Every structure is written in C-alpha cells, then in structure tokens.
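Report on the structure given below.
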Amino acid sequence: MTNQSYDVLIVGLGPTGAVLAGLLAEAGVTVLAIDREADLFPLPRAAHFDGEIMQVFHRLGVSGAAEGLSRGIPEYEFRSGTGQTLMRFENRPPQGSRWRASYMFHQPALETALREKISTLPGLEIALSTRLTAITRNDASGVEAQILGPEGVGSITARYLVGCDGGSSPTRAMIGGGLFDYGFDEPWLVVDCTASDEEGLPQHGLQVCDPARPTTVMPMSPLRRRWEFMLLPGETAEDVLEGGFVEGLLQPWGRPGQLTVIRKAVYRFHGLVAEQWRKGSVLLAGDAAHQMPPFLGQGMCSGIRDAVNLAWKLDWVLKGRAGEALLDSYQTEREPHVRAIIETAIAMGRMVCMLDPAMAAQRDQATAAGAPPLPIAPPKAGPGVFAEGEPGTYVACAAEAMGGGGFELLTLSGEAPDLTEGFGHRRVSADSPEGRWLAGTGAPAALLRPDGYVFGLGEGAALIEGLKAALGAAV
Ligand SMILES: Cc1cc2nc3c(=O)[nH]c(=O)nc-3n(C[C@H](O)[C@H](O)[C@H](O)COP(=O)(O)OP(=O)(O)OC[C@H]3O[C@@H](n4cnc5c(N)ncnc54)[C@H](O)[C@@H]3O)c2cc1C
C-alpha cells in the first residue's frame, strides 16, 4: 500500500468487490480493495449468469474472456421423477440484446479474468492476505478501519467502506443490524466434475424433481458439469462426502471413466436479507447483504447488480455531483429487486425439494393440468432515483447502446439540451434495436442512468431537470 487514505475501501474481492473496484477505479475514484485470502476462493459456486451481467463484464473489458470460458444452454427444465416436464425456460435473449439470456460458466476462471483486468487500473490498489479486523470510526466524515496483512497491522482512512465480504460478512457484524430469514434451509451436496467428452451428458439445465433424490444437473464451461443432490433425512455431510457415495450417485449419469470429481461440498441453501445495508459511511453489497438458494442462478448476479448500482452513486457523491442522500436509494432500489429474486428462487426450491411422494405426485398432476408457472419476469428496482411513474426497468438494448459511464439521453431526432459533465447525448437511428425500443415507448427521449436503468421517458430538458432534483445537488 502506497497510501493510507482512499476514497473507498472495499473489503472482500469476490465477484461483487471486484466489479465494484473496477467500476470505481474506471471512474477515477481511489480504491483500496483487500481480501483476507492469498488467492481466489478455489471452489466453484456460481454456474450461471445472465445477459445483464455480461453487459457489466463488457463495460469492464472482460466480455471476450467471459464468452470464451462460458457456454450457452438451450433451456432449463424442471422434470418430475417420472420424466414429465413440469416447467421449461428457454434461453431467449431480451429483444434487441446482443447477449444471451443465460451463460453457464466456472466461477474461479471468470474471477481470475476479472481480477487480472482490474489489477491494471490506475487508482486501484489490491492487498491480498489482508483482513479487516475493526472499524474504529464511522461518521459523516468517513471511516477508519484496522487491517491485518503480511506486514502487520495498519490503519486505513476512507470516505466510504463497502463490505463485499460474503455470507458471513465481518463488516455486517461490525455495523450491527439483523438478518431477515425466509425460513428456507435445505442441505445439498454439490459435486463438480470434469468430463472426458460430452457424449450422453445433458446439454441443458435440469432439475430432477424426484422425491427419491431431488437432483440438479448443470453444464458449466465446456467439459465441466455440476451435479447437486439433496440430502435425505438422516444423511449427514460426513455420510455423503465419504468415499464411494458421490460416485454411486453419479453412476447413472456418465460412462465408467467419463466423469472426474474435482470437488464436493455440502452447502445449506437458504434465503437471507440484511436489514441494514448502510450505516453512516459503511455499506454492504453482495452476499454480505443477501443470500439465496441457487435454483435461479442469481446470487452472484445480484451482488454484481449491487456493485453497479452503488458504483455510480458513490462516484457522483464523491465528485459532489449529488448529495449524500443519494446513497440511501441504494437499499430502497436494490432490496425489492433482490427480494423478488429470492422469493422466486425459494418457490422453485420448494417445488424441487419435495421429499413426500404423495405431495410430489400431487404437484406433478397439478402441473400436468396446467397449474400456472412461477412468475419469472425480470424484477424491477424499488423506489429511488427514477422519474415519477417510471417503474425501475433495465432495458437491455438501450443499456447496451450506452457509450460512457455517465447518464445518457437517447433521442431519435432533435438537438440535445445543454448538458453538463456526467451527461451524454446519443441520437439513435430508428432502425437500431434501441431506436425501435424508444419509438415504441412513444416518448421523444429516454434518460438512462449510468447503470443502464431507465430514469425516465419524456422530453429531454424536463428529464434532466427532474434528475437534478432527484440527485439533490447541482450537476
Ligand atoms: C452451490 C452454489 C451455487 C451457486 N450458483 C450460483 C449461480 O449459478 N449463479 C449466481 O449468480 N450465483 C450462484 N451462487 C452464489 C454466488 O456464488 C455468490 O452469490 C457469490 O460468490 C457472492 O459473491 P460476493 O463477492 O458477494 O462474496 P464472496 O464470493 O463470498 O466473496 C467474499 C470475499 O470476502 C473475503 N473476506 C471475508 N472476510 C473478510 C475480511 N474480514 N477481510 C477481508 N476480506 C474478507 C473473502 O475471502 C472472499 O474473497 C451459488 C452459490 C453456491 C454456494
């Protein structure tokens, strides 16, 4: 560390911390990012991310790497124990998006690419094997944090500290505040394999809702597969991790010698949300703020959405373009979005984790009779920095057309109003995807936020005025 004072101290360099660090450093914010481990968390956890997250990787210059180490799957199917399809989701991208709806990948490989990329950014310092041990000051002027690294203890001051320190977040414990628990708590054995070849292996995501042993199969990057097996009553982690058990479960899925187990672990899948995401100058993001069962593949995606939401707000507050109260919109916008995802993931989990054969048979019959599928429309951001009546939507084609890191006014014709720093104007062609979207809204202009969400639709100058009021400072 060359410096002891930074704009932002990021605690934890998992995917949430890495994306936040990258976006802040690109905006010219000085950042120290610390992680208590010397290396990346070695165990693959996330297997899926979506097109909105690919766009974030694109902004950070790692979409090429992400595409190279991931694969698309045609669909995600929920199947009964007797082979009947209960639900099926096609991997169809949102209209006009250049990215797929879903990518399957190997988390450590992607995190490696992300870390390599961000470590080249000026303004960002990374300190590994360095842990946060205490927050000794947290007030309106900033934070003072104690850290312990290879060179001993140190004291860091920063205007803001963001705890991206995972499910057991020490930062969350330090700022206090409870955890809302959805009461979903199921033990699963997670097994990652490499495959010698793809022959006979499922090419799509599969939830086998068999009460005899609920099972998930997910293709990851090429020649990598994930199986997840629910533990049955009476089974312990020690039982299922012992030699031979996993191989027995995998036996129906591959030819002898085709699959090699590279890791196995027992996780408890649960749904938790921190009640307080900000206290003074300290904020929480990612698994530190929320956790969910993996049935929708959205835990990491949600943490990255937090990082994107927070990055521009911290940047604008630090540059004096917005008042401090802007940071309060972080939780009000993000919490309803992530709760909607957690609730859908839990509903899916309840459908999958059904061990009673009679109830499972009832579920299968109801689904065959046309029971409504689970709602899976992309959720909206909650109330915050949006024009009145604007629902907090991410419109993929519009977000993907954005040029820089600021706000952008999209118009089909006409001159831009006078714009100050942090605002751009783009006149879009009527036959581009974003032009067709804008024409379809009937509005002359759309004002997009730096995170790609639509601030509002209407007349350009009025949108800019509305935004200035919402930001609480002259911009
Ligand atoms: C089986 C399984 C399957 C999953 N599948 C998916 C999926 O398909 N899609 C998806 O989007 N998500 C999925 N997830 C969730 C995803 O893996 C997590 O949501 C994601 O890794 C969280 O990222 P994070 O950066 O918030 O936290 P983490 O990745 O946990 O990173 C936290 C970091 O903080 C560091 N740290 C902790 N304490 C300190 C300290 N005191 N000082 C300094 N550093 C500290 C840790 O070393 C760690 O590097 C899955 C999870 C599991 C378990």
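The values are calculated or read from the model by the stated rules, or taken from the named source; none is laboratory data. Remember, it's a predicted structure, so these values are computed and weren't measured experimentally. Because the Cβ atoms are built from the backbone with ideal geometry, glycine has one as well, and the counts that use them run over all protein chains shown. Just so you know, the surface numbers come from the protein's heavy atoms only, side chains and all, with ligands and any DNA or RNA stripped out. Shrake-Rupley method; radii C 1.70, N 1.55, O 1.52, S 1.80 Å.
Numerical summary
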{"quantity": "Residue within the range 401-424 that is within 21 Å of ARG305 (Cα to Cα), touching a Lys or Arg at 6+ places or on another chain (Cβ under 7 Å) and surrounded by fewer than 16 Cβ atoms within 10 Å (Cβ to Cβ) present", "calculated": "yes"}
{"quantity": "Members of the range 133-168 found to be near the ligand (Cβ under 10 Å from one of its atoms), assigned to a strand (DSSP E or B) and surrounded by 20 or more Cβ atoms within 10 Å (Cβ to Cβ), listed by number", "calculated": "ALA145, ILE147, GLY163"}
{"quantity": "Among (1) open to solvent by 60 Å² or more (accessible area, probe 1.4 Å); (2) among the small types (Gly, Ala, Ser); (3) at pLDDT 95 or above - the single one GLY456 does not satisfy", "calculated": "(1)"}
{"quantity": "Members of the range 64-86 found to be among the charged types (D, E, K, R) and under 27 Å from THR367 (Cα atoms), listed by number", "calculated": "GLU75, GLU77, ARG79"}
{"quantity": "Any hit, the range 51-63, residues being within 25 Å of ALA347 (Cα to Cα) and at pLDDT below 90", "calculated": "no"}
{"quantity": "Cβ-Cβ under 7 Å pairs, at least 6 apart or on other chains, the range 180-203 side more than 25 Å from GLU242 (Cβ to Cβ) and assigned to a strand (DSSP E or B), far side open to solvent by 50 Å² or more (accessible area, probe 1.4 Å) and within 14 Å of the ligand (Cβ to nearest atom)", "calculated": "PHE184/HIS270"}
{"quantity": "Residue within the range 238-258 that is in contact with a Ser or Thr (Cβ under 7 Å, 6 or more places away or on another chain), surrounded by fewer than 17 Cβ atoms within 10 Å (Cβ to Cβ) and not in a loop (DSSP other than H, G, I, E, B) present", "calculated": "no"}
{"quantity": "Selected residue [touching a strand residue (DSSP E or B) at 6+ places or on another chain (Cβ under 9 Å) and either in contact (Cβ under 8 Å) with a residue 12 or more places away in the chain or of a type in the set (Lys, Arg) (or both)] from GLU343, GLU400", "calculated": "GLU343"}
{"quantity": "Output for the range 387-437, where each listed residue is more than 24 Å from ALA25 (Cβ to Cβ), in a loop (DSSP other than H, G, I, E, B) and of a type in the set (S, T, N, Q)", "calculated": "THR393, SER413, SER429, SER432"}
{"quantity": "Matching residues in the range 265-303 - criterion: being away from the ligand (no atom under 11 Å from the Cβ) and not aromatic (Phe, Trp, Tyr)", "calculated": "GLY271, LEU272, VAL273, ALA274, GLU275, GLN276, ARG278, LYS279, GLY280, SER281, VAL282, LEU283"}
{"quantity": "Failed condition for LEU110, given (1) part of a loop (DSSP other than H, G, I, E, B); (2) within 16 Å of the ligand (Cβ to nearest atom); (3) in contact with a strand residue (DSSP E or B) (Cβ under 9 Å, 6 or more places away or on another chain)", "calculated": "(1)"}
{"quantity": "Condition met for VAL8 (in contact with a strand residue (DSSP E or B) (Cβ under 9 Å, 6 or more places away or on another chain) and under 30 Å from LYS313 (Cβ atoms))", "calculated": "yes"}
{"quantity": "Residue check, MET218 in a helix (DSSP H, G or I) and either more than 16 Å from the ligand (Cβ to nearest atom) or among the hydrophobic types (A, V, I, L, M, F, W, C) (or both)", "calculated": "no"}
{"quantity": "Of residues in the range 346-381 being modelled with pLDDT under 85 and open to solvent by 70 Å² or more (accessible area, probe 1.4 Å), the one farthest from the chain's Cα centre (by Cα)", "calculated": "ALA369"}
{"quantity": "Cβ pairs under 6 Å, 6+ apart, first in the range 67-94 and over 22 Å from PRO378 (Cα atoms), second part of a loop (DSSP other than H, G, I, E, B) and at pLDDT 85 or above", "calculated": "GLY81/ASP210"}
{"quantity": "Residue satisfying all of: in the range 15-73; within 9 Å of the ligand (Cβ to nearest atom) and charged (D, E, K, R); surrounded by the most Cβ atoms within 10 Å (Cβ to Cβ) among these", "calculated": "ASP35"}
{"quantity": "Residue satisfying all of: in the range 329-345; over 30 Å from TRP316 (Cα atoms) and open to solvent by 20 Å² or more (accessible area, probe 1.4 Å); modelled with the lowest pLDDT among these", "calculated": "THR344"}
{"quantity": "Sole residue being surrounded by 14 or more Cβ atoms within 10 Å (Cβ to Cβ) and under 16 Å from ALA398 (Cβ atoms), chosen from ASP431, ASP451", "calculated": "ASP451"}
